[in-house]
Each structure stands twice: as C-alpha cells, then as structure tokens.
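Q: What follows is a structure written as structure tokens; I'll ask about it next.
Every read-out reported here was derived from the displayed coordinates using simple, explicitly stated rules and does not represent laboratory data. In this text the structure is predicted, and so the values were computed from the model without any measurement. Every residue, glycine among them, receives a Cβ derived from its backbone with ideal geometry; neighbour counts consider all protein chains shown.
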Amino acid sequence: MVIATGCSETPATPSTAPSAAAIAAPPSASAAPPPAPLHGQSLLDRANGFPRATLFRGPIEVAARRPTFQPADLLQLAQNYDLVLAKALDEEIVGLQRAAPYLQAIKARYPAKIVLDHFLFEGRNPLSTQPPVFAGHWLLLNGTTLTNDASATDTVLQVADSGVLRAGEAVQLTALDAAGKPDYAAVEQVKVVSVAAGRATVQRAAYGSTAAAFTAGRTRVAAHAWVQYGTGEPIWKYNFCLQAPRDVQGRRFIEALADTLAGYLRPGGPLAGLDGYQFDVATFFTGSANQGTRRLDCDQDGAADAGFVNGVSSYGLGAVSFMRALRGLVGDDIFLVSEATGDFSDRDTPYANGIENESFPDFHSWEHLSAAFQRYRYWLETARAPRLSYLQLKETSEAFTRCPEQDRGTNWRYRVALAAALMGTGYFAYLPINEGGDRACDYRHPVQQSPYAEPDELNAGRDDRWNYLGRPLEEPRRIERQSAAPNLLANGDFEKDASGASLATAGSARAVLSRDESTAGQGRASLKVSVTDLGPDPTDNKIRVAFGPFAFQQGKEYTLRLRARADPGYGRLDPAYLGVPRRVALDFTVAGVQAPKRFSGVADQLDLMADATWRDYSFSFVALAADARATLQLYFGQEPGDVWLDDLRLTEGGADIFVRRFERGAVLMNASASPVTFDLQALFPGVNLRRIAGRVDPVVNTGAPAGASVTVPARDALILLSGG
C-alpha cells in the first residue's frame, strides 16, 4: 500500500537516477572491495542476533525522489538494519523505479543484508509500465454489451445494462468474435463520466489506449475491479484466476507475471542483485471497490462468478499457482514473502518463505491481536524454508508524533508489536504514521524527512547496540493463569455426543455436523463440520456452528481455546495445493452485538488457519457488555471441505502472556487486558536483568535493575538486558 513519505508525489525522471555502482562506491580507492553477496539460507545463517530491524520503504523512496539526497547518507542509515524493503518498480507509484539503484547499492555495500522489492501483488497503476499487462489479464466485473454501434469518436455508449457501470470508473471495451469470445486484439480503455438508463457517457482512449470502432452485440463493456489507496490513481486488479484468459504466448496472468518478475531479478534486469520480493496485499480472496451487486468475472465470459469456480476460490488458488510458478523459475535462493493480514490473507505456504503482517495486529486491530499473532506463528511453522517473516506497525506513538497530547501514553504499541515479533524469528519495522487516522500527526524524522523512528527497544537506547539481545535460548513460554478457571462451554470435548453445537445455513449453502471418532485433537472424538455446497457467491456467515448460551460479565477478559484441523480438498484438485490451509472465522454475540470489533474496513471476525495437522489456538478479548446468554459462532461458508474441532474451552482471563530468554536479555509480553507481575527469579533463575537505559522513553526504560519481579501493564511489553 501507499505510505506517506513526506514529499511530493510528483515522480522524478527515471533516467536521472544514479547507478547502483556509483551509490555504493567505497569512500576511497584503498577501501577493500565488498565480499560476494549471500543468498537464501546462507543469509539467515549469517544473520545477526535479535531484534532484527527492518528499514521499510520511506527513507529509500524519499531518496529516490529527492535530487539533492546524498547516497552516502542512505548507506549509513541502512548499515544497522537486517532487512531492507522499498518499492523499486512503478507498479503502484509512477517514478519509484528510481529506487532500484539505491536498493542495489545497499545490497552491494552490505552483502549480508536481505534486500527485497516491495511489490504490489493485487494490481497495477494503469499509468505505469511495470509489469506489462496483456488486456485479457485485467480482472473485470460482470459487464454488459453495446446495443448500438460506436464509432471511434462517440462518447455516449448505448448498453444493454447500465446498472453494471459507475461514474468515475475505468471500463474496458472488448470486441467479441463470432463465437462470443473476447478478441483482445481489439480493446479500448474508457473512463465513465456519467451513467443514465441504457447509456453511459465516457472519456474515450483513456490510459494510453487508442480509440476504435465497436459493434453492437459484439462488444463487451465491463468495469475494471479496482482499489484505491489514499488519493492516488485507482489500482486495476490483476486476474489471478485459474480460468483467466491466455495471451498470445498461451500464458495466463499467473505465468506471465512469474516470467516477468523472474526476469527482473536476472543479470541486466531492473532488480538484478536483490534477494527477492515481498508481495504487498497478497490475498486469497478479492473483490472491487464500490462493487455493490456486481461480482468478479474470472473467465471474462460476461457472467458473474465472484472469483469462485467449481466451488473453490479460483482467484486464491491462482495466487498459489503464481507463487509456485515463480518459485520454479527463481529457485530457493530467492526470498518470496507473502502477506497474512486479516481475513483475506494469502495461503501460499508451500511456496512462500513467510509473510508480512501489515500494521500488526491486522491494521492495528488491537482487539484481534490473538488472531494476528497466531497467524504469524502459523507461518513461522509452515512456510517454505528458508523462512523469513516480518511484522510492521504503522501507528504514531507518544515518542514519535506531531500530536503529543493525542498520543500520550501510547508507546506500548511498538513495544507489544516488537515483542510479538520476538516470540518468533520475525523481523520488525516501525513507521510512525496513521494510515487510518489523523495524518496531521504523522511523524517526520528531522533529518530523514520521512516516517523514520528508532525506539529504544530497537537499539538498546543509550547503549546504541543493534541486535543487542543475541540469539534466543528457548522457545517462547506462555504464562498460564487459567488452569483452574471453569469452562463456560458445557460440552467442548465431544467425548459423549455433539450436544451444545448447532448448525445453521443460509441460501443454498449446505453442511453436515457430526461427531467423529476417527480423529481427535484430544481424547477419542471430535466435532466434524462437512461443507457439501457453498452455493453461489460464498460468504463466511452462510454456514455457521454456534455454541452456548453462557454468561459474560462486562469488562472481563475471556479466552477461547480449541484444537482444529481441516481438509479443504485443495490437494485433490492438484497435488500442488496439498499444503494450502483453510480459514475458519469466529466471533461472539454479546448483548446482541458482534464481538470483538476491529478497525473499520477489515472483517469483524477472528480467524485461524487450519490444515491437516491438529493445532492449538487461543483467542482473548474483553466483553464490552454483560450478557447471561452470550454465544460463540464459528463460520465455514467461504471454503469447501471438512473441519474438525476439539477441546473447546472458554474461560475467564487473558492468555496472550509470553516470556522468552535470549543470550543477552529477556522479553516479557503482556498482551492481556490486565497488568501481570512476572516473577523473574522463577522464570530466569540465576539471571540478573536490568531495564534499557532509554533515550526515547526513559520513564519505562530507566536503566535500573529489574529486581526479583517486574509488573508489566495491560497490553504492554518490556525488554530487559542481562547484567542487572
């Protein structure tokens, strides 16, 4: 997505960009040449300790646009970072291909760093040139046909159904052959000015296309599926569907994009020498802005299919097929990092090395931290080796803001997000901006003039030591505080029967609920949900299983724990999809209101990723109202196959409390809704710990010995150093 960079959106001329060699040139002729670059697993083997900091977009993209920027300043800035990402093509913002030499220079100067292009996965700015896109590879909505011939100069198009057109949208005119199939040799892009019954007034020859004559009954008129970030040009979406049209070389968009991106990384390509791609907004499902009753048309036959063909997400499995195709072209020394943010998260675990979670948790949906955290850990366990994931946070904080009163007491945000990353092997990026809030508060570093910040926890404050914790000495430990709490669910183990669970379906969606003794997460039986028919236009809530009622108290925190596995049947369609997981959504109804709520613009449900392996999941949230008859719902209406549930436990109290010891310190993460006192002597016997001596937040990071115990406030974290 677009992020604020503190400068004009006016693109610089690509030809004026300095070369990577010039930027990376050593300071003197006597300087030793840099060592040969490392790739893939060898980069991770040589990686520094933790925290592993990520230099994310802003400073590099600012450098690419500012003619007076000194390259040496950027190289000096990058030296402390382990992972570097920026947009170095113009697929989203025209002109950003100027950033490529800066990324290449960083890689040349620091071969042990991982340097990736941040590539917008879902679509392209229609004014850009990278990557090239065949006309049949755009994702369109169900359209209509011309009812009158249109000359190359006509601006009023007579159409059979004007209800599928919207003012301001881009529309593709495609000639149809005698069999009614699209002829992509005769295509024009137009922009709708206004719509009336049976007609649309348009701007012809838009987006660099050429005006042409089109024939009544032999021309499809279909709007582009699109999305818009900020005030930039709308992004036209790509057609990743398995049934997408093929170009003159016989390639779907899946293969065409894989060929192009692999070529960009080869010697002589615009991204030569980089370590791979991070795919921004990579999703398993998609739609269009201002979609209304319209739906996607995967195969461009004029009929709506919502991206589903033969009962599966053709778009989603196509996205997996793209990652498989690209992996086959670049091998395992190139990093391909997907995205797992919110309910549309991609599922390409067999081929992607890991994920980004954008503005952790899930676009700063703090009430949904459990879901985002578990999705991150799921990818750490299941992604293709070598595994590389990162969390980034995009929110201002008290330490980094232009609105200090508004952001008072919010430094916990970056502490919790960083602590979550440290409960795995993830890297971490912090951008002090408010994508969904008051942009006037966005922080600008006084020197970098971009959203750049260095919290104490990234470099040990006044010690100024990056990677200061060293390597982890243990796996994360969850601090259990609920072992004696009663289960509010009457029957969560299904050992005797399936009572307490009820199935509801909507429309033509169908499923069967049963007790299954052939597999269990614990004991000898589980609850099986078999989805037999998704029906047209699948959505989660068309198949749901409910539990309850049970009593909630206002202001209390509750935790649902369960075990789950799934077989969506994707592997039977193609063995390449055997490792593709299935999503299960869930929420609670409390006093008639869905809970917990999250940041607007993202689905309200919590969710989990389930595959053939039984896994443990937990979800904590605060009840905002009292209700003696609250209920739990799990949703299955968007994907096929079978899901098994077992050992459901709903108890009072929070569960997102973790500790982890490192070579030179420890991390305490309290993402629960109550303060937690950590017994340091019991947790880390014989280890003396002290607080960081902070430059940014000396109130928390006092530099003092931690003592025998320390209390971490609700939804906060603390990093302690050895040697107290």
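Q: Where in the chain lies the longest segment free of GluC sites (Glu not before Pro) that are both loop residues by DSSP (not H, G, I, E, B) and have at most 16 other Cβ atoms within 10 Å?
A: Here the longest run is 10-404.
Q: Of all trypsin sites (Lys or Arg not before Pro) in segment 373-445, which ones are in loop regions per DSSP and have a Cβ with at most 11 other Cβ atoms within 10 Å?
A: Arg408
Q: Can you work out the FRET efficiency for the pair Asn491 and Ala385, with r the C-beta to C-beta distance and R0 = 25 Å, to the nearest 0.05?
A: 0.05
Q: Counting Lys and Arg as +1 and Asp and Glu as -1, what is the net charge of the other residues whose Cβ lies under 14 Å from the Cβ of Val700?
A: Around Val700, the charge tally is +3.
Q: Highest mean first, how do 294-303, 343-352, 200-209 rank when packing is the count of other Cβ atoms within 10 Å averaged over residues?
A: 343-352, 294-303, 200-209
Q: What is segment 656-722 by shape, rounded, prolate or oblate, if you read a ≥ b ≥ c off the alpha carbon gyration tensor as root eigenvalues and call it rounded for a/c under 1.5, prolate for a/b larger than b/c, and oblate otherwise? Before the final figure, lay out the partial values.
A: Working: a/c = 1.66, a/b = 1.05, b/c = 1.57.
Oblate, since a/c reaches 1.5 and b/c is not below a/b.
Q: What ranking, highest mean first, results for peptides 276-283, 617-624 when packing means the other Cβ atoms within 10 Å averaged over each residue?
A: Ranked from most to least packed, the peptides come out as 276-283, 617-624.
Q: If I model a spin label as a point 7 Å beyond the Cα along the Cα-Cβ vector, how far apart are those points for Val512 and Ala72 in nm?
A: 7.4
Q: Can I ask one more? Quick one: net charge of Gly592's neighbours, Cβ under 12 Å, K/R +1, D/E -1?
A: 0
Q: Need one word for segment 140-224: rounded, prolate or oblate. Basis is the Cα gyration tensor (sqrt eigenvalues a ≥ b ≥ c); a/c below 1.5 gives rounded, then a/b vs b/c decides.
A: Values: a/c = 1.39, a/b = 1.18, b/c = 1.18.
Since a/c stays below 1.5, the shape of segment 140-224 is classed as rounded.
Q: Are there trypsin sites (Lys or Arg not before Pro) in segment 87-195 that DSSP marks as loop and that have at most 12 other Cβ atoms within 10 Å, and which are they?
A: Qualifying residues, ordered by number: none.
Q: Find how many whole Å separate the alpha carbon centroid of segment 681-724 from the alpha carbon centroid of segment 91-133.
A: Using only Cα atoms, the two centres lie 40 Å from each other.
Q: Follow-up question, since we're still on this one. Could you compute how fast the chain diffuses translationally, taking Rh as the Kirkwood radius over C-alpha pairs and applying Stokes-Einstein at 37 °C with viscosity 0.692 mPa s? Give it in µm² per second.
A: In µm²/s, the coefficient is 121.
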